1. One residue is enough: does the stretch 63-72 have a residue meeting the conditions open to solvent by 80 Å² or more (accessible area, probe 1.4 Å) and in contact with a Phe, Trp or Tyr (Cβ under 9 Å, 6 or more places away or on another chain)?
2. Are there any pairs with C-beta distances below 9 angstrom linking a residue in the stretch 113-134 that is at positive phi and touching a residue at least 40 places away in the same chain (Cβ under 8 Å) to a residue that is assigned to a loop (DSSP other than H, G, I, E, B) and surrounded by 15 or more Cβ atoms within 10 Å (Cβ to Cβ), with the two at least 6 apart or on different chains, and if so which?
3. For the stretch 138-170, name all the residues that are part of a helix (DSSP H, G or I) and within 21 Å of the chain's Cα centre (by Cα).
4. Could you count how many residues in the stretch 101-133 are closer than 24 Å to Ser33 by Cα, open to solvent by less than 80 Å² (accessible area, probe 1.4 Å) and either in contact with a Gly (Cβ under 6 Å, 6 or more places away or on another chain) or not in a strand (DSSP E or B) (or both)?
5. What number of residues within the stretch 197-230 are open to solvent by 40 Å² or more (accessible area, probe 1.4 Å), at pLDDT 85 or above and outside any helix (DSSP H, G or I)?
6. Only residues in the stretch 176-197 that are within 19 Å of Asn227 (Cβ to Cβ) count as the first member; pair them with residues that are surrounded by fewer than 16 Cβ atoms within 10 Å (Cβ to Cβ) and of a type in the set (Gly, Ala, Ser), Cβ under 8 angstrom, at least 6 apart or cross-chain, and list the lot.
7. Please go through the stretch 177-196 and give me each residue that is of a type in the set (Ser, Thr, Tyr) and surrounded by 14 or more Cβ atoms within 10 Å (Cβ to Cβ), ordered by number.
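The values are calculated or read from the model by the stated rules, or taken from the named source; none is laboratory data. Just so it is clear, the structure is predicted and the values come from calculations on it, not from any experiment. All Cβ positions, glycine included, derive from the backbone under ideal geometry; neighbour counts span all protein chains shown. Ligands, DNA and RNA are stripped out before the accessible areas are found, and what is left, the full protein with its side chains, is counted by its heavy atoms. Shrake-Rupley method; radii C 1.70, N 1.55, O 1.52, S 1.80 Å.
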Amino acid sequence: VAKKYAAVDAPILINGESGTGKELICQSIHNYSVRKNQPFVAVNCAAIASSLIESEFFGYDAGAFTGSKKTGKAGGFELAHKGTIFLDEISELPLELQGRLLRVLQEKQIVRLGGDKVIPVDVRIICASNKNLRELTEKNEFRTDLYFRIGILKLYIPPLRERQDDIGALANYYLKEYNQKYDHNVQFTDSQIKMLYEYSWPGNIRELRNEIERYVITDGNVDILINRIAPTEEK
């Protein structure tokens, strides 16, 4: 489905729990598209102070506010011109800025903070959220018109517990990666592989990756792996 989406320019909304690999999927869509040789810009809406989000999105002109660069600064949309912009945790975008984002998507142009020059932008927009945006619209916590604008194409990334067949491939991939990184040569036993499949992985792929890295660093310390991800740990 992601490959089919990569062939067109319509906005994509990716849903999935934290740690399922939403940004990786987004990067892959970009790399598979006709924009692959153009910029890919990722902006985490939850990691930026609300007072700075507007300048991060749209940039600012010189002297726009106290502490701004004398030369001004390009925002994410300008930097992503001809390429793809990924807006992660879009649900955290303040309501007052959702309307501004909607206008940018409709008009395909931006104006820097403190500026008056209209700058055309040609970007493919992909958004992601670990929250149900449809439910947020019903609570008036997310604009309905923006939801339908960014969600023309939808992609759901299931949690790791719902795709257990992936666990072995992912675990072995990260085992190889961290063996090379730390110049180790640890392997899994059959019982450890079984344990990996039995654990629910609430932190999804991010948690799996972290546990494999810890396992390699400790030269395959079985106790560490068992103590941290044994099925009895589940509540």
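1. Checking the stretch 63-72: at least one residue is open to solvent by 80 Å² or more (accessible area, probe 1.4 Å) and in contact with a Phe, Trp or Tyr (Cβ under 9 Å, 6 or more places away or on another chain).
2. From the stretch 113-134, the pairs are Gly114/Asp61; Gly114/Ala64; Gly114/Ser68; Gly114/Gly72.
3. Leu146, Tyr147, Phe148, Arg149, Ile150, Leu160, Arg161, Glu162, Asp166, Ile167, Leu170 - these are the residues of the stretch 138-170 that are part of a helix (DSSP H, G or I) and within 21 Å of the chain's Cα centre (by Cα).
4. 7
5. So the answer is 3.
6. Correct list of pairs: Ile193/Gly168; Met195/Ala230; Leu196/Gly168; Tyr197/Gly168.
7. The one that is of a type in the set (Ser, Thr, Tyr) and surrounded by 14 or more Cβ atoms within 10 Å (Cβ to Cβ): Tyr178.
One line per residue, one yes/no per condition, for (1) more than 20 Å from Pro94 (Cα to Cα); (2) at pLDDT 85 or above; (3) not charged (D, E, K, R):
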position	(1), (2), (3)
Lys4	yes, yes, no
Ala7	yes, yes, yes
Glu17	yes, yes, no
Lys22	yes, yes, no
Gln27	yes, yes, yes
Tyr32	yes, yes, yes
Asn44	no, yes, yes
Phe57	no, yes, yes
Glu78	yes, yes, no
